[in-house]
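A.B. asks: Below you'll find the structure I mean.
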Number of protein chains: 4
Amino acid sequence: MSLNPVIEKLGRPIRLALIGGGPGSFIGRMHRSAARLDGRYDMVAAVLSSNPEKSRSAGLEIGIPADRAYSDVNDMLSAEAARKDGADAVAIMAPNLYHHPYAVAAMKAGFDVICDKPITNSIEDAEEIVKVAEETGLVFCLTHNYSGYPLVRQARAMVEAGEIGDLRLVQVEYVQGGKADESKKDDPTAHRGWKYDPEKSGPSLVLGDIGTHAHQLLRFITGKEISELSAEVGSIVPGRIVHDFAGAMLHLEGGARGMFWVTQAAAGIENSLKIRISGNKGSIEWWQEIPQRLNYYPLGQPAQVRTPNGPGTYPASARVCRVVAGHPEGFPEAFANIYSDAAEAIAARISGTKPDSLALWFPTAEDGLAGMQFTFACLKSSENGGEWTSL
Amino acid sequence: MSLNPVIEKLGRPIRLALIGGGPGSFIGRMHRSAARLDGRYDMVAAVLSSNPEKSRSAGLEIGIPADRAYSDVNDMLSAEAARKDGADAVAIMAPNLYHHPYAVAAMKAGFDVICDKPITNSIEDAEEIVKVAEETGLVFCLTHNYSGYPLVRQARAMVEAGEIGDLRLVQVEYVQGGKADESKKDDPTAHRGWKYDPEKSGPSLVLGDIGTHAHQLLRFITGKEISELSAEVGSIVPGRIVHDFAGAMLHLEGGARGMFWVTQAAAGIENSLKIRISGNKGSIEWWQEIPQRLNYYPLGQPAQVRTPNGPGTYPASARVCRVVAGHPEGFPEAFANIYSDAAEAIAARISGTKPDSLALWFPTAEDGLAGMQFTFACLKSSENGGEWTSL
Amino acid sequence: MSLNPVIEKLGRPIRLALIGGGPGSFIGRMHRSAARLDGRYDMVAAVLSSNPEKSRSAGLEIGIPADRAYSDVNDMLSAEAARKDGADAVAIMAPNLYHHPYAVAAMKAGFDVICDKPITNSIEDAEEIVKVAEETGLVFCLTHNYSGYPLVRQARAMVEAGEIGDLRLVQVEYVQGGKADESKKDDPTAHRGWKYDPEKSGPSLVLGDIGTHAHQLLRFITGKEISELSAEVGSIVPGRIVHDFAGAMLHLEGGARGMFWVTQAAAGIENSLKIRISGNKGSIEWWQEIPQRLNYYPLGQPAQVRTPNGPGTYPASARVCRVVAGHPEGFPEAFANIYSDAAEAIAARISGTKPDSLALWFPTAEDGLAGMQFTFACLKSSENGGEWTSL
Amino acid sequence: MSLNPVIEKLGRPIRLALIGGGPGSFIGRMHRSAARLDGRYDMVAAVLSSNPEKSRSAGLEIGIPADRAYSDVNDMLSAEAARKDGADAVAIMAPNLYHHPYAVAAMKAGFDVICDKPITNSIEDAEEIVKVAEETGLVFCLTHNYSGYPLVRQARAMVEAGEIGDLRLVQVEYVQGGKADESKKDDPTAHRGWKYDPEKSGPSLVLGDIGTHAHQLLRFITGKEISELSAEVGSIVPGRIVHDFAGAMLHLEGGARGMFWVTQAAAGIENSLKIRISGNKGSIEWWQEIPQRLNYYPLGQPAQVRTPNGPGTYPASARVCRVVAGHPEGFPEAFANIYSDAAEAIAARISGTKPDSLALWFPTAEDGLAGMQFTFACLKSSENGGEWTSL
């Protein structure tokens, strides 16, 4: 990614309109820095509040001109569609329940979409997004950002190249402690309390927040779908309204097995997303908290530690390394890699050209739908006492 | 353990007779070095083969006098019981199917027993060992050696002291790669092939070999029993005769949940036994491959790395540290700690005195029985499609 | 840094002109992404080649309009100074020998300067930059980017707060392997071969390339100057033209001692910059390759692992954390933190306001001068057989 | 080491007499467990105090019969030499100043010697030990125990096999914090205060305690001698009587360079002995606190992590691995490896046979002499303002 394929194709950056993610939002900041990092987007418009004044002042803080700081999504879509220099694409980082209506409206109005995860709160909504994306031919990019890390791409490339052989086992876990403090009660009525209201955040908070990330990471690296699972979903903190724990045993297509475990209530743990994958020729391990190390255990040979841009890097990984080997990159770059890949796809669509095939590794609506199918299969199995449930 | 309580109580080391574990056996070597390390045992007799000549020559290699190298267990028990300077205790490291008959015979003949794990191949046999141990009042020590590590004892002491608060979550995994090479077929008829014959090695190889270790580690540190589980047990290597994979979701008494995963077929992985335990005030993590580090995550405070004999060490841990802080210890010392604790208990029994209460942290017949109950509950749940099964 | 103080103070981003660092340059890419990441700069002009056509086409690749892609630095300075919307500041990433003339010319023409390290190739040139910066009152920021890492700032804040007590010892090492391959000969005449010509790259390549980084890191965290040193500088690769190794023993003001070691010829090592600092109350360690961990060893207490934005984070560190705890950041963000701090200082100067005092932790001309003094003291000591040499 | 070559050669273990290292001594405990672990020694006699009663009671605690618990070294040597079942060898763990007289007396009386480090307090004394060892043909083993670790032997074997190519660079550091607490003053008159009296502990405490370990480790792995050095030796804790810091820059025979740094006053650090060695084909790193990992960086290939008994293990390392790959060993086993190698050499001498050539990797009197030469060269260079000083 040393060149700027967007400038090459369009002669200008993609014009991006934001929905949600104002100045105080962590995820908003990540989307904005991802849009900025490679010079492939101009952020030109936004809806940051339903209050016009608040939207304008928030817009100014993040560099959106006052006349393009809207207070209603449909107004923005219409106005931007009408401008000659209007937005090409929208980035949705509103609460989960809005992902579906905004994404559908945006695509129907001709905008490519970058959408935060989880894609929706139901399978049906996800299916509709898949359908609209197919019908319109627009780009729909879902920001499962962990698939943007150079060594996650390296892991996938190694699996594809047969370096671990035939898949036998996968273990993925995502352990956080942000909801472990029992003195802080779930409160759907608090400021930003929507996460504690399942109507807004979806049927299972922990699965939506981090379970879909773990699930997508597993699919991304292995290239396999889960065929059936036995799960338990619930809460480990007494009195909790939402789910904070999910565990599952997995069967993957092709016969491999897997273990899946996520929680947001492991006291003191920051953000431990780990995956280990074994084939009949070797195993690999990646840990999000030290993303610049990929452990590789080839059968019968010394263990290796792979690094971004280090010896043995595959092209699919090298193209998302921004630094020379030994200089760490992190979450913002991984997020930006997703954005920049989507930018290449969007520019290709607009210009009627072909994107680099490796740019198409970003997660799409189909991946989001798979996440919803997984979520609901976990819930169903859990309700049925751990019964093995097909996806 | 800087003094020698055995010499103090008995004026001499405990006399130990060995069953199995000859010169070429890894586990035999571990038992012998464990017996030697603290000067609490004299190894005085052994059955190392049913062939008298082989038993004698093997005995000589490991320092057993020719006249006490027997070729039959019952002969040894009788002869040693009759000698004035006869063995006090026997250590059993024969194939799994012999644990039960030899342990029962030894205790009925008045010998304390140190026995390799798994205790038996059935619940009924384990129950009988528990019963005989109770009736005879003899010491029965099961060598779940991981509970001998200084930082595993520290972890238990921290949990007991409330440093992680009320238990919420446990994850334990034991991942090995020794059975990953698919070019080596399971062969029950090969030399030392007994492991591949379920009649000899038990109903589930992976659960007997390492599952019971993981299960005991979980119980040892948390002090909680598993109340019910949903499991899958099987093989990930095509054509395998025995089990090489088991996964389970757990409910613990008191309401905590857990995840359990073991395999012996993760290519390239050596011996990765990991446990993570979260309470409502903090989490701890321990990894067998780097046993001199215990990660402690107190809620809302910086993460800590505890070391053997380092600041904050509890007496239960300090007493099994043989070195000053910063000098690593390993598997042989952990094994020796189990042996030396058992020695203290045996010497106390013989001398009619009391052992240090912290010496009684070694695993016993009850722990072995719990392991069998866990094993069979996993098998039952797996056969019933993951049905939640009480222990 | 959640707000944009530049927009607040100026109503627009700072306009930045680039000197060097075209599309194929690693360090150029880092400067550009650093300028972009927080929306505090617009890159408006550049000199990317002395060939007008090449400068224009390179400019287009990185988003510089053709009419502001100059082929001569003085031309650019004049033209931009004359424009109403001309650049406010210049960023210099040309070969080392040009740092001094371009920086002086830029400041004399009224531009703030962001300059790559080492500041110059001589003490005299560095002194002149210090003088011109003082006289003009302009901002001069030297991109010793490691001081931009959140945990390096945390380390400094901890030292300032007395968490390690009185300084006793420092060890810093910067070990790379990029120049270890002996089959690749130093060639000053090759494309980009200027590094192998001491007239261009300075008196000691290894000290200029990485020694000044290590030296600045030591000074930044400890807040102490080196008073004298005994050093050896030279080459470990036979036939090498330039230096690839330097070692030194250090005396710091206040009585602490130190060890310093840098090389670019340690085969297979990527980029291992490590620092350990001990006071009479504790020690801290930081390693560039895993920058999201800061080891803290308080005397007599358990070791701690500090993380960005984790418990115990000081404000000076928190303000440069872009992510919630547990999500890694890397080199590009550290670089951007230097840029964004400089932006705040530049905006304050232009607007006649005060910057946040914590924004002034970026390295300046004085730091660059100290680096040159250190470099030449090392060379002098080495020439005099390791004689202790004052700085 | 799966067999017992001592029993094979002698039909019995070596009879060992102890000098010093009573029940409360850490190093005494290490020597005793090292003697026990492989069944190659019987500890038959000891001098544990100059007070007969105290020597007897201390002897009983560690299993020495009362009639062979002496109170005078010469008495013991005479008495044991006269017994038919008298000791074969003596192990000296008395304060440093006694190493020389006891070692010389023991060898002159026909005993092989195992001696704690540093060998002596002067070059002359070390030279005499070398001479007496040569003249008598007896075994003199110096317990630089770090050379007993499986991965240290692996490192040496890899260097010998050319896996890192021609030596270019070495860095060794040994950092402890045991003498960092400034509230505890050096007191030569305290119980066990001999370390703070240079007449007893030698010319430089830090160099004798740990500097000679670091020096021996460097020589052991690289197979190279230091030809000259520039050093500084002194104290970083105000008011300290003895040395707690030494740094040196090194020239090795063959042209490689090195850095050396040791301290006992780095607050909070436990026992961090680290070595990194670079040749023109790769680098290796070993860290005592995690001794079961050896990092190997082959030039241009992915980094490797070597483990004891793991893939790629050389015979010289495999023979001192007691466990299967993945089970950690520690300091006691490393110490025991030195003892067991010495046992094989002693048994070979007594029996007039040849030991395994790999058993002769234990440190000898010549290594001790090299340590003294290094120590005094450091002191001389330091006194001469860092002047480069030949060894």
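Throughout, read-outs are computed from the coordinates displayed, never taken from laboratory work. Every value quoted in this text rests on a predicted model; they were computed, and no experiment measured them. Glycine also receives a Cβ, built like all others from the backbone with ideal geometry; neighbour counts cover every protein chain displayed.
A.B. asks: Provide Rg over Rh for the stretch B:183-275; use the alpha carbon set for both Rg and the Kirkwood Rh (inverse mean inverse pair distance). Before the final figure, lay out each step's value.
C.D. replies: On the way: Rg = 14.6 Å, Rh = 14.4 Å.
With Rh from the inverse mean 1/r over Cα pairs, Rg/Rh is 1.02.
A.B. asks: Over the stretch C:274-343, consider all pairs of different Cα atoms and compute the Kirkwood hydrodynamic radius from their mean reciprocal separation; express it in Å, one decimal. Mind showing how you got there, number by number?
C.D. replies: Working: mean 1/r = 0.0757 Å⁻¹.
Hydrodynamic radius (Kirkwood, Cα pairs) of the stretch C:274-343 is 13.2 Å.
A.B. asks: For a footprinting-style exposure proxy, rank B:163, B:199 by other Cβ within 10 Å, fewest first.
C.D. replies: Values: B:163 17, B:199 11.
By the 10 Å Cβ count, ascending, the order reads B:199, B:163.
A.B. asks: Averaging sequence separations of C-alpha pairs under 8 Å and six or more residues apart, then dividing by the length of chain D, give the relative contact order as a whole percent.
C.D. replies: Details: 882 pairs, mean separation 80.8, N = 391.
Relative contact order here is 21 percent.
A.B. asks: Hey, fewest Cβ within 10 Å first, where do A:341, A:125, B:75, A:356 land in order?
C.D. replies: Working: A:341 27, A:125 20, B:75 12, A:356 16.
Ordered from fewest to most neighbouring Cβ atoms within 10 Å, A:341, A:125, B:75, A:356 come out as B:75, A:356, A:125, A:341.
A.B. asks: Right, here's the next one. Suppose we look only past 19 Å in the calculated P(r) of the stretch D:309-380. What percent of the Cα-Cα pairs does that tail hold?
C.D. replies: Values: 1318 of 2556 pairs.
Pairs farther apart than 19 Å: 52 percent.
A.B. asks: Let me ask something else about it. Say a label goes 7 Å from Cα toward Cβ at residue C:72 in every copy; what distances in nm does this one have to the rest, shortest first?
C.D. replies: 5.9, 9.8, 10.9
A.B. asks: Same structure, new question: Relative contact order for the stretch C:72-209: what percent, with Cα pairs under 8 Å and sequence separation of 6 or more? Spell out each step's value before the answer.
C.D. replies: Values: 140 pairs, mean separation 30.1, N = 138.
Contact order relative to length: 22 percent.
A.B. asks: Taking the rotation that carries D onto C, look along its axis and tell me which residue of D has the beta carbon nearest to it, distance in whole angstrom.
C.D. replies: Residue and rounded Å distance to the axis: D:386, 2.
A.B. asks: Taking residue C:27 in one copy and the same position in all the others, each labelled 7 Å out along Cα→Cβ, what are the pairwise distances from the first, in nm, shortest first?
C.D. replies: 4.0, 5.0, 6.1
A.B. asks: Another question, if that's okay. Using only Cα atoms, locate the centre of the stretch C:105-156 and the centre of the stretch D:304-333, then give the distance between them in Å, rounded to an integer.
C.D. replies: Going from one Cα centre to the other spans 51 Å.
A.B. asks: Then there is this: Viscosity 1.306 mPa s, temperature 10 °C: Stokes-Einstein D of the stretch D:150-194 from its Kirkwood Cα radius, in µm² per second?
C.D. replies: Details: Rh = 14.7 Å.
After rounding, the answer is 108 µm²/s.
A.B. asks: OK, next. Using only the alpha-carbon atoms of the protein assembly as shown, report the extent along each of the three principal axes, biggest first, to the nearest angstrom.
C.D. replies: 105, 81, 52
A.B. asks: State, to one decimal in nm², a quarter of the convex hull surface area for the C-alpha atoms of the stretch A:1-139, i.e. the direction-averaged projected area.
C.D. replies: Working: hull surface 33.2 nm².
Convex hull of Cα atoms, orientation-averaged projection: 8.3 nm².
A.B. asks: Quick one: of the DSSP bridges fully inside chain D, what percent are antiparallel, nearest 5?
C.D. replies: Details: 39 of 65 bridges.
Percentage antiparallel, nearest 5: 60.
A.B. asks: Using DSSP to define loop residues, name the trypsin sites (Lys or Arg not before Pro) in the stretch C:48-99 whose beta-carbon has at most 11 other beta-carbon atoms within 10 Å.
C.D. replies: On the way: sites: C:54, C:56, C:68, C:83, C:84; in loops: C:83, C:84.
Answer in residue order: C:84.
A.B. asks: Evaluate the relative contact order of the stretch D:221-312 (contact order divided by residue number), counting alpha-carbon pairs under 8 angstrom at least 6 apart; express in whole percent. Don't skip to the end; give the middle numbers.
C.D. replies: On the way: 145 pairs, mean separation 14.4, N = 92.
That works out to 16 percent.
A.B. asks: If you don't mind, another one. Can you give the translational diffusion coefficient of the stretch B:208-335 in µm²/s, computed by Stokes-Einstein from the Kirkwood radius over Cα pairs at 25 °C and 0.890 mPa s?
C.D. replies: Numbers: Rh = 16.7 Å.
Here the translational diffusion coefficient equals 147 µm²/s.
A.B. asks: State the answer as a single residue: which of D:136, D:230, D:246 lies farthest towards the positive end of the charge dipole of the stretch D:119-258, with beta carbon charges of +1 for Lys and Arg and -1 for Asp and Glu, about the Cα centre.
C.D. replies: Working it through, the farthest residue towards the positive pole turns out to be D:246.
A.B. asks: Given 5 Å bins starting at zero, what is the percent of C-alpha pairs of the stretch B:23-65 in each, up to the one with the largest pair distance?
C.D. replies: 6, 23, 30, 27, 12, 3, 1
A.B. asks: Another question about this same structure. I'd like the per residue volume of the convex hull spanned by the Cα atoms of the stretch D:57-162, given in cubic angstrom. It would help to have the intermediate numbers written out before the result.
C.D. replies: Details: hull volume 15.6 nm³, N = 106.
It is 148 Å³ per residue.
A.B. asks: Just add up the charged neighbours of residue D:5: K/R +1, D/E -1, any other residue whose Cβ is under 12 Å from the Cβ of residue D:5. Don't skip to the answer; put the middle values down first.
C.D. replies: Numbers: positive: D:9, D:40, D:319, D:354; negative: B:61, D:8, D:38, D:341, D:344, D:356.
Residues close to residue D:5 contribute a combined charge of -2.
A.B. asks: Using a 7 Å offset from Cα along the direction of the beta-carbon, what are the separations from residue A:223 to the same position in each other copy, nm, ascending?
C.D. replies: Its label point is 4.5, 5.1, 5.6 nm from the equivalent points in the other copies.
A.B. asks: Does the stretch A:240-290 come out rounded, prolate or oblate by the C-alpha gyration tensor, with a ≥ b ≥ c the root eigenvalues, rounded set by a/c under 1.5 and, if not, prolate when a/b is larger than b/c and oblate if not? Numbers along the way, then the final one.
C.D. replies: Working: a/c = 4.67, a/b = 1.52, b/c = 3.08.
Note, shape of the stretch A:240-290 comes out oblate.
A.B. asks: From the P(r) of the stretch A:54-107, can you give the percent of Cα pairs sitting at distances over 17 Å? Before the final figure, lay out the partial values.
C.D. replies: On the way: 570 of 1431 pairs.
Tail of P(r) above 17 Å: 40 percent of Cα pairs.
A.B. asks: Please report A:272, D:201, C:33 as a ranked list, fewest other C-beta atoms within 10 angstrom at the top and most at the bottom. Don't jump to the answer; show the numbers that get you there.
C.D. replies: On the way: A:272 19, D:201 22, C:33 25.
The fewest-first ordering by Cβ neighbours comes to A:272, D:201, C:33.
A.B. asks: I need the semi-axes of the equivalent ellipsoid of the stretch B:118-254: take the C-alpha gyration tensor, multiply each eigenvalue by 5, square-root it, list largest first in whole angstrom. Spell out each step's value before the answer.
C.D. replies: Numbers: eigenvalues 172, 86, 41 Å².
Working through the eigenvalues yields semi-axes of 29, 21, 14 Å.
A.B. asks: Another one. Which lysines have a Cα lying under 20 Å from the Cα of residue B:179, excluding residues fewer than 8 positions away in the same chain?
C.D. replies: A:281, B:117, B:195, B:200, B:274
A.B. asks: How long are the semi-axes of the equivalent ellipsoid of chain D, taking √(5λ) for every eigenvalue λ of the Cα gyration tensor, in whole Å from largest down?
C.D. replies: Details: eigenvalues 209, 145, 72 Å².
For chain D, the semi-axes come out at 32, 27, 19 Å.
A.B. asks: On to the next question. Could you check how many percent of all C-alpha pairs in the stretch C:252-391 are farther apart than 24 Å? Let's see the in-between values first.
C.D. replies: Working: 4999 of 9730 pairs.
Beyond 24 Å sits 51 percent of the P(r) for the stretch C:252-391.
A.B. asks: Could I ask something else about it? Compute the signed sum of charges (Lys and Arg +1, Asp and Glu -1) over the other residues within less than 10 Å, Cβ to Cβ, of residue D:257. Each step should come with its number before you reach the end.
C.D. replies: Working: positive: D:168; negative: C:232.
So the surrounding residues net to 0.
A.B. asks: Further question: Given only helices, namely DSSP H runs of n ≥ 4 each adding -39500 (n - 2.57), what is the per-residue ellipticity at 222 nm of chain B, to the nearest 500 deg cm²/dmol? Numbers along the way, then the final one.
C.D. replies: Details: 12 runs with 135 residues, N = 391.
The per-residue figure over chain B is -10500 deg cm²/dmol.
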